[in-house]
1. Residue A:58 fails exactly one of the following numbered conditions: (1) within 11 Å of another protein chain (Cβ to nearest Cβ); (2) more than 18 Å from residue B:26 (Cα to Cα). What is the number of that condition?
2. Based on what the data block shows, is residue A:35 touching an Asp or Glu at 6+ places or on another chain (Cβ under 8 Å) and either in a helix (DSSP H, G or I) or crowded, with 16+ Cβ neighbours inside 10 Å (or both)?
3. For the range B:1-30: of the residues being of a type in the set (Val, Ile, Thr) and touching an Asp or Glu at 6+ places or on another chain (Cβ under 9 Å), which is surrounded by the most Cβ atoms within 10 Å (Cβ to Cβ)?
4. Go through (1) within 14 Å of another protein chain (Cβ to nearest Cβ); (2) surrounded by 14 or more Cβ atoms within 10 Å (Cβ to Cβ) for residue A:41 and report which single condition fails.
5. Suppose we filter A:12, A:34 for residues that are of a type outside the set (Asp, Glu), within 14 Å of chain B (Cβ to nearest Cβ) and over 12 Å from the mean Cα position of the chain (by Cα); which single one remains?
6. Can you pull out the residues in the range A:15-31 that are more than 10 Å from chain B (Cβ to nearest Cβ) and in contact with a Leu (Cβ under 7 Å, 6 or more places away or on another chain)?
7. If a residue has to be surrounded by fewer than 18 Cβ atoms within 10 Å (Cβ to Cβ), of a type outside the set (Ser, Thr, Tyr) and either touching a residue at least 12 places away in the same chain (Cβ under 8 Å) or within 16 Å of residue A:68 (Cβ to Cβ) (or both) to count, how many in the range A:15-29 make the cut?
8. Within the range B:62-73, can one find any residue that is at pLDDT 95 or above, closer than 30 Å to residue A:12 by Cβ and touching an Asp or Glu at 6+ places or on another chain (Cβ under 8 Å)?
Amino acid sequence: MNFDKEFDASGLNCPLPILKTKKALNDMTTGQVLKVIATDCGAVKDMQAFADQTGNTLLSNTEVGGKYVFFMQKK
Amino acid sequence: MATKKMAIIATKGTLDMAYPPFILASTAAALGYDVQIFFTFYGLQLLRKDLSNVMISPLANPAMPMPIPMPVMVQMLPGMESMATMMMKQKLKKHGVASLTELRDLCLEADVKFVACQMTVDLFEFDKSEFIKDVEYAGAAAFFGFAGETDICLFV
């Protein structure tokens with residue numbers, strides 16, 4: 001999947017992956033896609049909850065070799 | 001849709017109990033909430049510029065997981081509090097949990113408003129110059145001005 005920005009939240013625990021996702025989205029424009037990599041298994045539910053409550057779209061959510069990869073499209 | 005609001009009353013100043021207000025406030029702010037934390041009694045310790053003296057004690061804290069069972073008589077010994085605090089900080093770091101200072105900074109960056117209880121500042125004779133500058137000083141009535149219109153209000 002194409003993306004405009006990427007950050008690696010590996011090793012970070014709750015609530016850092018969400019806070020850093022929010023910060024990364026702040027610098028982006030509507031429609032752009034952010035790729036986030038995380039190792040915190042709690043982030044799976046949290047990223048969806050973040051998307052639901054902020055209106056951003058979680059385009060995909062996959063697990064690759066013990067890491068979670070998210071693609072979030074900015075509202 | 002109107003902006004959601006959350007108010008938290010932070011009354012504890014130990015390392016373990018310092019986390020919930022800052023975690024919830026920073027997360028709510030990331031979700032778009034307008035957030036205010038009212039610091040009172042021991043919670044005021046969390047406003048100090050230097051948070052390195054925020055500690056945790058195994059004493060009278062039977063739910064705290066310890067590597068080996070520790071009788072209360074041992075927990076009373078000098079240095080046990082520092083040791084428990086050091087171990088807890090190592091654990092937090094190992095698991096990728098942010099430090100208190102980092103979480104507090106993230107709160108401020110996200111415009112979480114910090115309000116200190118003027119009465120308890122006077123009561124404990126705290127020196128405001130030891131607190132971070134991003135603090136307003138007010139009383140209970142001012143808290144209700146915000147809390148009365150919140151969607152979530154928590155006492156920690």
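The values are calculated or read from the model by the stated rules, or taken from the named source; none is laboratory data. Here the structure is a predicted model, which is why all the values come from computation and not from measurement. No Cβ is skipped: glycine too gets one built from the backbone with ideal geometry, and neighbour counts run over all protein chains shown.
1. Exception for residue A:58: condition (1).
2. Numbers: touching an Asp or Glu at 6+ places or on another chain (Cβ under 8 Å): yes; either in a helix (DSSP H, G or I) or crowded, with 16+ Cβ neighbours inside 10 Å (or both): yes.
Judged against the criteria, residue A:35 is a match.
3. The first filter runs over the range B:1-30 and keeps only residues of a type in the set (Val, Ile, Thr), leaving B:3, B:8-9, B:11, B:14, B:23, B:27.
Those still in the list that are touching an Asp or Glu at 6+ places or on another chain (Cβ under 9 Å) too: B:3, B:27.
Details: B:3: 8, B:27: 25.
Among those residues, the one meeting the criterion is B:27.
4. Of the numbered conditions (1) within 14 Å of another protein chain (Cβ to nearest Cβ); (2) surrounded by 14 or more Cβ atoms within 10 Å (Cβ to Cβ), the odd one out for residue A:41 is (2).
5. A:12 is the lone residue from the list that is of a type outside the set (Asp, Glu), within 14 Å of chain B (Cβ to nearest Cβ) and over 12 Å from the mean Cα position of the chain (by Cα).
6. A:24, A:28
7. The number of residues fulfilling the criteria is 2.
8. The answer is no, given that none of the residues of the range B:62-73 is at pLDDT 95 or above, closer than 30 Å to residue A:12 by Cβ and touching an Asp or Glu at 6+ places or on another chain (Cβ under 8 Å).
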